[in-house]
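Computed from the coordinates by the stated procedures, all read-outs in this text should not be read as laboratory data. Please read these numbers as outputs of a predicted model, since none were measured by experiment. When we count neighbours, we look across all protein chains shown, and the Cβ atoms used for this are built from the backbone with ideal geometry, even at glycine.
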Amino acid sequence: MRLLKNSQMRSKAKLVCVMLSQRVVFVSSAFHSHNLVLVTGVTPNSLGADFCRAIATHEPKLLILAGRTRKNIEDTAKVIMSCPTRILLIDLGSQKSVRHAAAEVNKYDEPIDILVNNAGVMATPWRLTEEGIENQFGINHVGHFLFTNLIMDKILTSKTGGRIVNVSSEGHGIGPVRFDDYNFNDGKDYEKWHAYGQSKTANVLFSAGLARRLGDKGLQTYSLHPGGKFLCLSKMSSNAQ
Ligand SMILES: NC(=O)c1ccc[n+]([C@@H]2O[C@H](COP(=O)([O-])OP(=O)(O)OC[C@H]3O[C@@H](n4cnc5c(N)ncnc54)[C@H](OP(=O)(O)O)[C@@H]3O)[C@@H](O)[C@H]2O)c1
C-alpha cells in the first residue's frame, strides 16, 4: 500500500493496511467484530466485492453493500455467508439519489463504524452528472463527499470514533484538483485521464481535510492506492477510447 502524504493521516493509517487487489486484508486489533461497515461499489469482481468478502471473514456485526445496481449488489451479497448484509441503493452521480440514500442511513438504529468510499469510474468520455459536474469528479469525489457529510453524525456516534476510507489511486499523481475549472472549460478542454487524476487527488484531500477537522473527535480517516486489478474500470477506459 502506498500511504499518501499528510503526517496526520500517516500516523493513523498504521492501524489498517488494505491491499484490495491482492485479495489480502490485514486488519489490526483495532477492528472489532461488532463493527458495522458500509462499502460503496461492490459489484462482483470489483475491488469493493473483494474487500467485502475479505472483511466478512472478520465477522462484522453488519456489512452494508451500497451501489447503484441492485442485481450487482445482490450477487455479491449472495456469496457473503459469514455476516449479515444489508443493501443500500445509491447513485453517486445523482445528488438526489445520494440524499435519499443518506436519509435512509440516518434512519438506521446503529451507528456506522467504518465507511469505505470505494465506488468509482475511470477515464470515462466527457459527460456531466445530473447536477452538471464532470462525471468522474462528480461520482468519485463529490457524490462520496456529500454522502459522507450527510451521514457524519452516524459515523461520529460510533463507539470507536468512526473510520472513513477514501479509496484513491496512484492516478492522483496525474494532476491536482482544478479548483478554478473542474469542468474542463465545459468539456472543451476535457482530458479523461486528467479528470480521473483530479477526482483521485480530491479523494486524498478529502481524507486529509477530515483528519484535520474531525480527528480530535476520534475520527480516523485514510486514503490509499489499492493496487492494480484490471477488470471493469480498465475495460471501461479501453471502451472509451
Ligand atoms: N482496479 C484498479 O486497478 C484500481 C487502481 C487504482 C485505484 N482503483 C480505485 O478502486 C476503486 C474501485 O475500482 P474497481 O477496479 O473495483 O472498479 P470496478 O470494478 O469498475 O467497480 C466500480 C464500482 O463502482 C460502482 N459505481 C460506478 N459508478 C457508480 C455510481 N454512479 N454510483 C454508485 N456506484 C457506482 C460500480 O457499480 P456498477 O456495477 O453499478 O457500475 C462498481 O460497483 C475505484 O475508486 C478506483 O478508482 C482501482
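Assorted remarks:
- Relative packing of peptides 220-226, 205-211 - highest average C-beta neighbours within 10 Å first: 220-226, 205-211
- Counting 0.36 nm for each residue step from ASN149 to LYS61 and taking away their Cα separation leaves a gain of 29.4 nm.
- Taking each residue as 0.36 nm, the span from LYS229 to LYS78 lengthens on full extension beyond its C-alpha to C-alpha distance by 52.1 nm.
- Gyration tensor verdict on the range 125-176 (Cα atoms; rounded if a/c is under 1.5, prolate if a/b is larger than b/c, oblate otherwise): oblate
- Extension gain for ARG213-THR69 works out to 48.5 nm (0.36 nm per residue, less the C-alpha to C-alpha distance).
- Antiparallel %, DSSP beta bridges [both residues in the range 83-235], to 5: 10 percent
- Mean Cβ neighbour count within 10 Å, used as a protection proxy, ranking 88-97, 135-144 highest first: 135-144, 88-97
- Checking the cross-link pairs LYS78/LYS200; LYS159/LYS217; LYS61/LYS159; LYS96/LYS229 against a 21 Å limit on the alpha carbon distance flags LYS78/LYS200; LYS96/LYS229 as lying beyond it.
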